[in-house]
Protein chains: 2
Amino acid sequence: MIVNVTFNGEYNPADFPPFAVTTDLVILTVRPPSLEVLLVERAEEPFAGSWALPGGFVGPEQDLSDAAGATLTDKTGIELDTAHLEQLATFGSPARDPRMRVVSVAYLAMVANPPPAAAGRDAAAAEWQPVSSARATTLAFDHADVLEAGVERARAKLEYTTLATSFCAPEFTMAELRTVYETVWGIALDPPNFHRKVLGSAGFVEPTGRTATQAKGRPAKTYRAGPATTLTPPLAR
Amino acid sequence: MIVNVTFNGEYNPADFPPFAVTTDLVILTVRPPSLEVLLVERAEEPFAGSWALPGGFVGPEQDLSDAAGATLTDKTGIELDTAHLEQLATFGSPARDPRMRVVSVAYLAMVANPPPAAAGRDAAAAEWQPVSSARATTLAFDHADVLEAGVERARAKLEYTTLATSFCAPEFTMAELRTVYETVWGIALDPPNFHRKVLGSAGFVEPTGRTATQAKGRPAKTYRAGPATTLTPPLAR
DNA sequence: GAAATAGTGTCTTTGAGACAATATATG
DNA sequence: CATATATTGTCTCAAAGACACTATTTC
């Protein structure tokens, strides 16, 4: 198939050869004791059989964030308004795709309790994998770099934003919220101090008035995400 | 001029029509009492006569950061190794360029004591303008959004990185470094506390052993940037 | 010496962290 | 009641902020 594109005036094609633009997503979820990322097994070349981040081409009239959002809902089955989605960084090394110039705008998504992953049209399989496993795998393209950027962004943002709640169900206990931090950061936090810090951060969480029964021990009060988006002072790692 | 591009297999052109990829730069410098940004006056359509951020097309085999670096040295006359340059965000709304689909990867640069701006090939003029003035101007494309993102990134990064030194000459006084913060943040800082905080942050600055004569008052010791890149704990705004 | 700017000392307040103590559930 | 988990209390320490004070220069 042949595509003819005519340029003139200031827009000389020598100045801007056709680029393909894609989005790739680092979709994270917390499944204690692991931070997990959604990977797909590529069905076609290049890197057929390799694990990769889910992604896709940006349509001619499609906004970048819409393309990312479509991939997110398609791959996870999660509605956009329950997930956090933000632009991460753009990867455009000339050599990153062996066949042609592809610039990829990476997005970071944080989701809670996703349904099991299902293979799509272009993927042989889709699977939630612990980030530690994904790091040990040879990912397609430069997706190892993208994954690192996404994980580091998520780790950093837990410090100074309320985004940890996007890894939680709509209603959660203080221990569940704390476990999000412990899982993403890979460290143990002091439960009493964490409890006080969260309640002392105005707008971080709101009490529901309900309690959640524990397998053992005193029932925990439940909370929902509050209106605040930033934590000042931050929650130290 | 006609460009023929052949696609097949997974790379169906219907999935990825030709995009142009550009870089746009938010190049900031501190000239007390103003934080200033380099703007160019567009010589050609669209937005001929409007002020815009400097930028350019990414070459077929050119890395994104190389394209940004080339624009930086071209427009400011500053060597890359003396400036800070980082990727900011990518802007790709289908409507952002009236003629065709252009995805712009924005970069943020911080420079010290730039020479006067000079018009280039594609610009009628180039000028350092206070950010407050630039905000009051109607900028070309979506450059108002890009500028906001750049300024906010710079303001935030002064808190938890040592990047304020990239706004300073190689050798600077504590008052000069403090003035960088005061100019970017638009607030006054307490000189004694600032002094202690900076010296207490290991690797932020290193003494040169020299002093700088003041117009009035006691000469100030001078410092150079140290090896540290992050400030923990941060310098509160 | 007066004025200006650089730099030090000290006190108060805030918040993080360690950890004891109390509360409320299950078996 | 023993045990487990949630929640509150208390003490200590580090750092931020206010601001008095000292140091060193020019005029």
Mind listing the phi-derived Karplus ³J(HN,Hα) values for region A:37-51, rounded to whole Hz, using 6.51, -1.76 and 1.60 with θ = phi - 60°, and x for any glycine or proline? 10, 8, 10, 10, 9, 5, 8, 10, 6, x, 6, 4, x, 7, 7
Cβ charges +1 (Lys, Arg) and -1 (Asp, Glu), total dipole of region B:20-142, debye: 380
Tell me which of B:Leu139, B:Val58, B:Gly120 sits at the most positive position along the dipole axis of the protein assembly as shown, charges placed on C-beta atoms (Lys, Arg +1; Asp, Glu -1). B:Leu139
Where the only charges are on Cβ atoms (+1 Lys, Arg; -1 Asp, Glu), what is the dipole of the protein assembly as shown about its Cα centre, to the nearest 20 debye? 2300
Using only protein heavy atoms and a 1.4 Å probe, report how much of B:Asp190 is accessible, in Å² to the nearest 10. 80
Among A:Glu159, A:Glu86, A:Glu206, what's the order by accessible area (1.4 angstrom probe), most exposed first? A:Glu206, A:Glu159, A:Glu86
Shortest-first distances to equivalent copies, position A:Thr82, nm, label 7 Å out along Cβ: 5.6
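Calculate the dipole size of region B:110-199 relative to its Cα centre from +1 charges on Lys and Arg beta carbons and -1 charges on Asp and Glu beta carbons; express the result in debye to the nearest 20.
Once rounded to the nearest 20, the dipole reads 220 debye.
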Once ligands and nucleic acids are excluded and a 1.4 Å probe is used, how much of A:Trp51 is accessible, expressed in Å² to the nearest 10? 50
Let me check something: with ligands and nucleic acids excluded, how do A:Glu45, B:Glu36 order by accessible area (1.4 Å probe), largest to smallest? A:Glu45, B:Glu36
Towards the positive end of the charge dipole of chain B, with charges on Cβ (+1 Lys, Arg; -1 Asp, Glu), say which of B:Gly49, B:Ala220, B:Val102 has the farthest Cα. B:Ala220
Which single residue of chain A puts its beta carbon nearest to the axis of rotation relating A to B, and what distance, in whole Å, does that give? A:Pro18, 2
Please turn the phi angles of region A:197-213 into ³J(HN,Hα) values with the Karplus equation 6.51 cos²θ - 1.76 cosθ + 1.60 (θ = phi - 60°), one per residue in order, whole Hz, x for glycine and proline. 4, 5, 5, x, 8, 4, x, 5, 10, 10, x, 8, x, 9, 10, 10, 6
Separation of alpha-carbon centers, region A:205-229 and region B:31-89, rounded to whole Å: 50
Solvent exposure, largest accessible area first (probe 1.4 Å, DNA, RNA and ligands not counted), of B:Arg31, A:Arg101: B:Arg31, A:Arg101
Note, region B:69-81: 3J(HN,Hα) by Karplus (6.51, -1.76, 1.60, θ = phi - 60°), whole Hz, Gly/Pro = x, goes x, 5, 5, 4, 5, 5, 7, 9, x, 9, 6, 4, 6
Once you have the Kirkwood Rh of the protein assembly as shown from its Cα pairs, apply Stokes-Einstein at 37 °C and 0.692 mPa s and quote D in µm²/s. 133
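The values are calculated or read from the model by the stated rules, or taken from the named source; none is laboratory data. Owing to the predicted nature of the structure, the values given are computational and were not obtained by experimental measurement. Cβ sites come from the backbone with ideal geometry, for glycine too, and all protein chains shown count toward neighbours. We work out accessible area using only protein heavy atoms, side chains counted, and drop any ligands, DNA or RNA first. Shrake-Rupley method; radii C 1.70, N 1.55, O 1.52, S 1.80 Å.
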